[in-house]
Amino acid sequence: MPFETLSRHACFGGSQGFYRHQSREIGLPMRFSVFTPPQAAEGPVPVLFYLAGLTCTEETFAIKAGAQRVAAELGLMLVAPDTSPRGAQVPGEADTWDFGVGAGFYLDAVREPWARHWRMESYITGELRQLIGLRFPADLARCGIFGHSMGGHGALTLALRHPELYRSVSAFAPIAAPSLCPWGQKAFGGYLGDNRDLWRKHDAATLIEDGLRCPPILIDQGLEDQFLLTQLNPDRFEQVCADGQPLTLRRHPGYDHGYYFISTFIADHLAHHAQYLRA
């Protein structure tokens, strides 16, 4: 699986790299970033996949979250893919900020014209995972997943849908019940069509309702988040998790939806993952 190194930087004794490859799953070039901790010089290390939110890229987390110092201390590799295909030239792909480019929602589209390239679930759980295992010192038996907003939705649903792949999961301000909010309804209708039974398979709250389970979940939510009341539905997710899905949902007065919030609590999330991935 060849890939191109776009840039690589020494960082807390390890390295932060940015890469591009031709994706067979997506059918287009895809970018991703990898922080490799210093412990990787001695052998494969646990790997934590981060899924970013609407409008973000593979660079956003690496630049804004401040995660590398703690990841270096804990010996965790951090992998962050882009949020969608780019350059597909699908009509309307960049007409709005919350659908299409920058808004892949970490699922495999079935509705045309999106079905050919918008295959983010298969890309992350299959092709990208395989590439990381083959070309980086990553221990794929010790993988976790987390994300923010749209990426928090992706982290929850992929952990629930693929429990054999991920030993830990967390999210910052996730879209926790997308079938109930405008962002999710727009994405699910556009990518999946009108079949609500199919929507249920990509909605974290309904997956829990339907009996799926994953490792204990950590969620942090800011109470000054501008999207809390209209888009995120953490209370609904907490309600369904009460029936057997371990969940720690922390609510923080004064914090909004952005990366100042994420950087404040990133160390807690990395420690949460480390307790499962370093065992």
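The values are calculated or read from the model by the stated rules, or taken from the named source; none is laboratory data. Owing to the predicted nature of the structure, the values given are computational and were not obtained by experimental measurement. Reconstructed Cβ throughout: ideal geometry from the backbone, glycine too, with neighbour counts over all protein chains shown. Quick note on the areas: whole protein, heavy atoms, side chains included, nothing else; ligands and nucleic acids left out. Shrake-Rupley method; radii C 1.70, N 1.55, O 1.52, S 1.80 Å.
Being charged (D, E, K, R) and in contact with a Lys or Arg (Cβ under 9 Å, 6 or more places away or on another chain) narrows it down to one residue among R161, R213; which is it?
Exactly one residue qualifies, and that residue is R161.
Let's see how each residue does on (1) outside any helix (DSSP H, G or I); (2) closer than 23 Å to T157 by Cα; (3) at pLDDT below 95; (4) out of contact with any helix residue (DSSP H, G or I) (no Cβ under 8 Å at 6 or more places or on another chain):
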residue	(1), (2), (3), (4)
R8	yes, no, no, yes
H21	yes, no, no, no
V34	yes, yes, no, no
V47	yes, yes, no, no
L54	yes, yes, no, no
T57	yes, yes, no, yes
V70	no, no, no, no
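Of the residues P29, P44, P38, which single one is in contact (Cβ under 8 Å) with a residue 60 or more places away in the chain, farther than 26 Å from S179 by Cα and open to solvent by 20 Å² or more (accessible area, probe 1.4 Å)?
Values: P29 fails: in contact (Cβ under 8 Å) with a residue 60 or more places away in the chain; P38 fails: in contact (Cβ under 8 Å) with a residue 60 or more places away in the chain.
Of P29, P44, P38, the one residue that is in contact (Cβ under 8 Å) with a residue 60 or more places away in the chain, farther than 26 Å from S179 by Cα and open to solvent by 20 Å² or more (accessible area, probe 1.4 Å) is P44.
Which of the residues spanning the stretch 125-148 are aliphatic (A, V, I, L, M), out of contact with any helix residue (DSSP H, G or I) (no Cβ under 9 Å at 6 or more places or on another chain) and over 16 Å from E58 (Cβ atoms)? Reasoning before the result, please.
Step one: list which residues in the stretch 125-148 are aliphatic (A, V, I, L, M), which gives 128, 131-132, 134, 138, 140-141, 145.
When the remaining residues are screened for being out of contact with any helix residue (DSSP H, G or I) (no Cβ under 9 Å at 6 or more places or on another chain), the result is 128, 131-132, 134, 141.
If the condition is that a residue be aliphatic (A, V, I, L, M), out of contact with any helix residue (DSSP H, G or I) (no Cβ under 9 Å at 6 or more places or on another chain) and over 16 Å from E58 (Cβ atoms), then L134, A141 are the ones that fit.
Of all residues in the stretch 92-124 being in a helix (DSSP H, G or I) and out of contact with any Lys or Arg (no Cβ under 8 Å at 6 or more places or on another chain), which is surrounded by the most Cβ atoms within 10 Å (Cβ to Cβ)? Before the answer, list the steps.
Start the filter on the stretch 92-124 by keeping residues that are in a helix (DSSP H, G or I), which leaves 120-124.
Then drop every residue that is not out of contact with any Lys or Arg (no Cβ under 8 Å at 6 or more places or on another chain), which leaves 120, 122-124.
Values: M120: 27, S122: 14, Y123: 25, I124: 24.
Filtering the stretch 92-124 for residues that are in a helix (DSSP H, G or I) and out of contact with any Lys or Arg (no Cβ under 8 Å at 6 or more places or on another chain), the one surrounded by the most Cβ atoms within 10 Å (Cβ to Cβ) comes out as M120.
Sort out for me the helices (runs of 4 or more DSSP H) sitting completely within the stretch 186-257 that have 2 or more residues that are open to solvent by 40 Å² or more (accessible area, probe 1.4 Å). Let's see the steps before the verdict.
Values: elements: 196-200, 204-209, 234-241.
Result: 196-200, 234-241.
Checking G151 against (1) buried (at least 18 other Cβ atoms within 10 Å of the Cβ); (2) not in a helix (DSSP H, G or I), only one condition comes out false. Which one?
The failed condition is (2).
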